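No value in this document is a laboratory result; all are computed from the given coordinates. Please read these numbers as outputs of a predicted model, since none were measured by experiment. When we count neighbours, we look across all protein chains shown, and the Cβ atoms used for this are built from the backbone with ideal geometry, even at glycine.
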Amino acid sequence: MTENNHEKIDILSLSLSELEEKIQQLGEKKFRALQIWQWLHVKRVRDFDKMSNLSAQFRGKLSDVFCIKSLIISKRLASNIDNTVKYLYELPDGNHIETVLMEYKHGYSLCVSTQVGCKMGCRFCASTIAGYKRNLLPSEILLQIYETERDSNINISSIVLMGIGEPLDNFENVTRFLEILRDKDGNNMSLRHVSLSTCGIVPKIYDLADKNYGITLSVSLHATDDEKRSEIMPVNDKYNINELIDACRYYLKKTKRRISFEYALIDGVNDSIEQAKQLKRLLHGMQSHVNIIPVNKIKEREFTSDRKSAIRFQNMLVDLGVNATIRRTLGSDIDAACGQLRREYEI
């Protein structure tokens with residue numbers, strides 16, 4: 001008979017303290033939870049029967065109450081240009097997400113998804129076209145790290161929450177994932193090695209600031225006036241630029257962490273000297289950095305730009321005294337930008 005994992009507790013989404021409580025409810029000693037935790041998050045086992053320092057009876061009890069979720073690699077694309085690898089993972093319910101492994105001088109970074117699809121509707125983004133299905137569970141975000149490390153036989157040193165989905169639209173599960181990730185008895189990753197990208201859900205930026213995780217906030221700005229930003233980013237109709245910048249200033253004051261402003265350059269839309277000057281005014285006095293991104297061409301949209309346009313806009317900003325760089329392009333031969341592989345696979 002097939003196990004019905006939907007009725008079981010998703011053990012990888014539990015914090016250590018929650019696991020301790022569950023284990024005690026089963027009539028076991030509290031210290032057993034730590035043993036299980038380390039099997040899951042240090043040794044990364046995918047089966048309770050592998051937990052050899054637990055009795056067979058207890059392992060059976062765990063299997064009755066809990067499930068250990070897993071991801072399946074549906075597609076794996078490796079770049080011939082650099083060492084970027086793009087994964088299309090199948091979730092337990094048959095949905096698909098994308099994860100991108102990138103190599104830098106400082107080590108390996110993983111770009112993870114936080115939702116199946118996205119409901120934000122940014123007009124230049126492929127992630128939103130295939131439609132929003134659901135939020136990812138903490139375990140499903142975490143497993144993108146575990147499965148990628150297992151498949152590539154490497155250790156990931158930094159995480160970017162910049163894949164499919166809006167992380168702050170899945171706030172509870174994302175923050176729970178971060179708590180599990182930093183637990184000293186598990187992964188023990190400093191959250192200073194984590195970046196979170198948001199299109200600007202203002203109330204959640206304040207909530208994230210108050211948690212003071214020390215993560216780097218990357219804000220998808222992409223325009224400097226409300227008319228243009230609302231045209232390409234519907235979220236601006238709810239939280240306008242001034243509200244967003246105020247929230248960013250609060251985040252900076254609370255965390256003392258420099259903010260990165262993502263600026264997807266679109267020819268003829270947001271690439272003028274007037275936009276550059278307005279960007280300087282918006283960011284005045286703020287410890288920040290502008291990351292210019294040439295827009296990836298997607299077939300459903302006319303928006304485009306190239307590196308030459310990005311260099312021209314960067315020069316405008318630098319001449320104005322704004323700290324600006326152009327995002328390094330990785331995996332261009334495998335469409336490593338988020339959303340494109342999932343969309344093509346599911347069509």
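Tabulated values for the structure
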| quantity | calculated |
| --- | --- |
| Given 15 as the ceiling on other Cβ atoms within 10 Å, longest exposed-site-free region of the chain for GluC sites (Glu not before Pro) in DSSP loops | 4-299 |
| The chain: most fluctuating residue of ILE232, ILE205, ILE81 per GNM, C-alpha cutoff 10 Å | ILE81 |
| Candidates SER17, SER157, SER127, ranked by Gaussian network fluctuation over the chain, Cα under 10 Å, top entry | SER17 |
| Within the range 273-287: backbone nitrogen closer than 17 Å to the ARG258 label point (7 Å, Cα to C-beta) | 280, 283-287 |
| Angstrom value of the Kirkwood radius, inverse mean 1/r, which spans all Cα pairs in the range 6-65 | 11.5 Å |
| Partners for LYS8 among lysines (Cα-Cα distance below 16 Å; same-chain residues under 8 apart left out) | LYS22, LYS61, LYS69 |
| Within the chain, percent of DSSP bridges classed antiparallel, to nearest 5 | 40 percent |
| Furthest towards positive pole of dipole, PRO138, TYR108, TYR89, structure part the chain, Cβ charges | TYR108 |
| 5 angstrom amide H check on LYS75, placed H, neighbours 5+ away | LEU88 |
| Size of charge dipole - the chain - debye, nearest 20, with Cβ of Lys, Arg +1 and Asp, Glu -1, no other charges | 900 debye |
